[in-house]
1. I need the full set of residues from the range 99-112 which are open to solvent by 60 Å² or more (accessible area, probe 1.4 Å) and part of a strand (DSSP E or B), in order please.
2. Report yes if residue 84 is open to solvent by 60 Å² or more (accessible area, probe 1.4 Å), among the acidic types (Asp, Glu) and not in a strand (DSSP E or B), otherwise no.
3. Right, residue 40: modelled with pLDDT under 95 and of a type in the set (Gly, Ala, Ser) or not?
4. Out of all the residues in the range 45-71, which are surrounded by 20 or more Cβ atoms within 10 Å (Cβ to Cβ) and in contact with a Lys or Arg (Cβ under 6 Å, 6 or more places away or on another chain)?
Amino acid sequence: SHVTPPHSTIRPGFPVPVSTDSPEVRRAARFGVYRYNNSSNDLFLFKESQIKQAMVQIVRGLKYMLHVEIKRTVCEKRDHPSLDRCHFQREKNLQQMLRCYFEVWITPWTHKVHIPVAHCH
């Protein structure tokens, strides 16, 4: 895998690959999953199972472009548990995996997260 360059070397405006294991990328992916869960009419919550690819672009904050696989968990939406405690569905007929593309825009100094794009199929 590749190492995230120090931010001083990243020029604004150019998307650069970042490690899919970085805590920032994981957090951005989780925001995308929240957005998906809020807009889906599935009975169960989904959770990220694998971050396939991650890019970051500096544009008045950090814009993450993520290709993420998400899977259905055993947690029902109405219970609103923490996703960290939700295990993936084990029952064959309830298992489902979706491939998603999320754009997650984080402006740390305003503590705002905007998700303009969340496509899953």
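The values are calculated or read from the model by the stated rules, or taken from the named source; none is laboratory data. Only a predicted model underlies this, so the values are computations on that prediction, with no experimental measurement involved. With ideal geometry, Cβ positions are generated from the backbone for all residues, glycine too; neighbour counts draw on all protein chains shown. Protein only, heavy atoms only, side chains kept; ligands, DNA and RNA dropped before computing areas. Shrake-Rupley method; radii C 1.70, N 1.55, O 1.52, S 1.80 Å.
1. Once the filter is applied, which keeps residues that are open to solvent by 60 Å² or more (accessible area, probe 1.4 Å) and part of a strand (DSSP E or B), the range 99-112 yields 99, 105, 112.
2. So residue 84 fits the description; yes.
3. Criteria not met by residue 40.
4. 45, 46 - these are the residues of the range 45-71 that are surrounded by 20 or more Cβ atoms within 10 Å (Cβ to Cβ) and in contact with a Lys or Arg (Cβ under 6 Å, 6 or more places away or on another chain).
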